[in-house]
Amino acid sequence: MVNRPPYRMAAGIRLADNTAQAHRGPIITATLPTCLHVPLQTALSETARSCVVPGQQVQAGQKIADASGPNTVAIHAPAAGTVLSIGKQALAELAGQPGWCITIEVANPSSPYQATPLAASDKPDHLSLQTLGLVGLGGGGLPCHLRLHGVTPPIKTLIINGVECEPWLSCDDSLMREHADEIVAGIRWLQTQLDTEHTTLAIGQDKPAAQAAFKAVLPAGIQLVSIPPLYPAGEDRQLAYRLTGQEIPASQSLESFGIQSFNVATVHAIGCAILRAETLTSRIVTIAGNVARPGNYRVAFGTPVSHLLQLAGEQPHSTGYLVGNPMTGETLATTDAVIGAGAQALIAMNQTLFPTTEPTRDCIRCGECAEVCPIRLQPMQLWHSLNQQAIDQAQTDGLFDCIECGACSYVCPSRIPLASTFRVTKQEIVQATEAQQAADKARQRHEFRQFRLERDKQEKAERLAAKAAAKHEVATASSDPADAERAAKIKAAMERAAAKRAAAQAAATDKPAEPKS
Amino acid sequence: MSGLLLIALILLGLALLLGARQLKTRPRPQPTPPELPLAEQIDAVLPQTQCTQCGYKGCRPYAEAIAKGEADINQCPPGGDEGIAKLAALLGRDPKPLDTSHGEHKPKRLALIDESVCIGCTLCIQACPVDAILGSAKHMHTVIRSECTGCELCVAPCPVDCISMVDPDAPVKIRRRYPVFPIKIQAGSRPDRA
Ligand code: SF4
Ligand code: SF4
Ligand code: SF4
Ligand code: SF4
């Protein structure tokens, strides 16, 4: 793999504005708000178990929640303060839907956030990615330890994803420019943990400064590959194909092909964790759009979006707020939403940057969508099937292979919301399937309950009948001769059994003696 | 002459060969599975909440009543309009609005026992149609959330009123509805395709 040229992506789009909006300045450390609402939830919808109580003082880096199972990680306080409450708050990465959070009143609001190592008091016996709270920062938010331990088959190829092909985003770029050494430390540690054969660091071609930063510090054994900025080249499966030539179907994971891919921001967090036992309590967020001071901010988890907008100097006439990039991101329902591990960018929209969408027109069968689809689907065909409620047809045509990249919607001259329709339909299908499974289980349990009640009733009836019969027998067999006869029978039986036992014993003792003689 | 014959023979051979291939690759007609009894087909589309709101002892008896023509298709509140549409499609009838005398359609909620108040009377266990409550006499009871169908049958029997219906917690699947935002494109630079 190492010596072969990169494979060509099936398709994709070159976004006009890919780099124009990216900010090349240094990372700005955001100040702390008065209250942090630290999210407890991981990407797998499981929640860490809080280990603090309201009113308790916490130190920066102190553990405030324990992992409640293998799918969660420990959560730490990003700053010193007092725990106010534990409750539900809107989460930015879920477009403002609520999730469990611990609210901390910050002791020194308006002071800059500082990364802190794990507080000495909660050093666990065994430091691990789970106890340090490491989750993926590439938007997925999967706990890192799940991708390292117990992975089968062995990982041969490690891909470090620094492509960042999405428009507006430059959070990974800023990290690579400023913290190449920590990222390299993270990569080396991952290499030893996974025992990989090939390690590739993929960086977008539009990031010469990041590439230059790595060229100075990259040790042997890590190959740097420059990826042309073709959207969505940074998607994990697309990147894996480009680097290894291995096509990975939507139904299978990268791991099952011996490939593992980490986002550079995740690797940076791993690097900080192993170098300084630092807990993961912040991330870089690209703040852009209708703001006076756009840039890449280091933001403590739990910071409300409204605080960030204030920091970046929001300009008047915002039409909405976008979390993530404009191709796949979501508009935020409320600016009270808090930043968690999955929020890569916060973009304030206005009429000039994001003009109102033209109304949808009929599909003219121009075929542009099919030409740009990186999965080589026929989006217009899927769209027609879904319009005609032919969900099965859409599924056979690969609806579930769609990666929801939004390339088709972007080029469609009729402004048909192809990608969002696919996404919503997929979720509806998944929900319907889950509801059906739950119903089937409920039917089974109900039927078993009916059976159990019936059986219990029958058994009870039988027990009562047996009892009655026994009483009857006692009553009828109370005369002496019958009792004597029964006793004799039992005695005879016992004698027979004893004789059998003796014979068996004799045979057993005889047998081993035979070979000796 | 023999040349022509040879060509004809070759063509015939080819035709036979291809024909045989076609026969082989054409999918065999699959035996259709035996049709289930109507009541069972109806039961399969009912929500299985087992709440008895339809006026029957559970989903199955209601299904049987529909199959016999004794009950209408709009009596199941948990199924709602979607459930009625499914029944209508199955039975080849027109969908109709839910008969609200049986109850309103509302999102599924799960039972929660206030464990500090529970006196261990076991009445809720006896009421639960899907055995979703765990506990024993004079000991605390609790709801197994993954099995609860939200039928609310356990709420009324509780003598200390410690069972409430709450919104299901975390794993509600996220429904993200997002548009692809038209990004401002610089004059004259239509995104060129790769
Ligand atoms: S959103 Fe789906 S259908 Fe559209 S281009 Fe991307 S992968 Fe293809
Ligand atoms: S790009 Fe739009 S108009 Fe053209 S074929 Fe696809 S869906 Fe139809
Ligand atoms: S109302 Fe619906 S869910 Fe409830 S028992 Fe009747 S059929 Fe089942
Ligand atoms: S726990 Fe209560 S609400 Fe849930 S299924 Fe059992 S009886 Fe119904």
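Residue-normalised convex hull volume from the C-alpha trace of the stretch B:110-166: 63 Å³ per residue. Considering only the Cα atoms of the stretch A:32-100, their convex hull presents on average a projected area of 4.5 nm². Remark: the protein assembly as shown carries 51 Å² of accessible area per residue (probe radius 1.4 Å; ligands, DNA and RNA excluded). Which translational diffusion coefficient, to the nearest whole µm²/s, is obtained for the stretch A:134-269 from the Stokes-Einstein equation, given a Kirkwood hydrodynamic radius over C-alpha pairs, 10 °C and 1.306 mPa s? Answer from the Stokes-Einstein relation: 108 µm²/s.
Each peptide in A:317-324, A:81-88, A:359-366 gets a packing score, the mean of other Cβ atoms within 10 Å over its residues, and the list from highest to lowest is A:317-324, A:81-88, A:359-366.
Figure note: B:MET165, A:MET327, B:MET140 ranked by solvent-accessible area, largest first, 1.4 Å probe, ligands and nucleic acids not counted: B:MET140, B:MET165, A:MET327.
Accessible-area rank, largest first, for B:LEU11, A:LEU118: B:LEU11, A:LEU118, with all protein chains present and a 1.4 angstrom probe. The value for the stretch B:47-179 of Rg(Cα) / (2.2 N^0.38 Å) is 1.21. Ordering of A:445-457, A:198-210 by packing is A:198-210, A:445-457, highest average first (other Cβ atoms within 10 Å, averaged per residue).
The fraction of accessible area contributed by carbon and sulfur in the protein assembly as shown is 55 percent, rounded to a whole number (1.4 Å probe; ligands and nucleic acids excluded).
When both the stretch A:32-103 and the stretch B:70-114 are represented by their alpha-carbon centers, they are found 39 Å apart. Peptides A:233-243, A:101-111 ranked from most to least packed, by the mean per-residue count of other Cβ atoms within 10 Å: A:233-243, A:101-111. If you take the Cα centroid of the stretch A:413-453 and the Cα centroid of the stretch A:162-230, the two points sit 41 Å apart. With a cut-off of 11 Å between beta carbons, the residues surrounding B:ALA67 carry a summed charge of -2, where Lys and Arg count +1 and Asp and Glu -1.
In the stretch A:399-425, the residues whose accessible area drops by at least 40 square angstrom when the other protein chains are added to the isolated chain are A:TYR410, A:SER420, A:ARG423, A:VAL424; the probe is 1.4 Å and only protein heavy atoms count. The smallest convex shape that holds all Cα atoms of the stretch B:38-102, its convex hull, gives 68 Å³ per residue.
Residues whose amide H comes within less than 5 Å of that of A:ALA345, counting only those at least five positions distant or on another chain, are A:THR286, A:GLY324 (H built at 1.01 Å from N in the peptide plane). Length, then width, then depth: along the principal axes, the Cα atoms of the stretch A:369-469 run 87, 22, 18 Å. Inter-chain Cβ neighbour count for A:93-100, averaged per residue, equals 2 (cutoff 10 Å, partner chain atoms only). One decimal place: the segment A:ALA216-A:GLU255 gains 11.0 nm when fully extended, by the rule 0.36 nm per residue minus the C-alpha distance. Its Kirkwood hydrodynamic radius, worked out from the mean inverse distance over all distinct Cα pairs, puts the stretch A:271-377 at 16.1 Å. Seen from a random direction on average, the alpha-carbon convex hull of chain A projects onto 42.5 square nanometres. Here is the interface size for A with B: some 4400 Å² of accessible area buried, both sides summed, with a 1.4 Å probe.
Taken residue by residue and averaged, Cβ atoms of other chains lying within 10 Å of the Cβ of A:443-455 number 4. Accessible-area loss of 30 Å² or more (1.4 Å probe, protein heavy atoms, chain alone versus all protein chains) is found in the stretch B:45-61 for B:GLN48, B:GLN50.
The values are calculated or read from the model by the stated rules, or taken from the named source; none is laboratory data. Everything quoted here is computed from the prediction, not taken from an experiment. Cβ coordinates were reconstructed from backbone atoms using ideal geometry, including for glycine residues, and neighbour counts include every protein chain displayed. Ligands, DNA and RNA are excluded from the accessible area calculation, which covers all protein heavy atoms including side chains. Shrake-Rupley method; radii C 1.70, N 1.55, O 1.52, S 1.80 Å.
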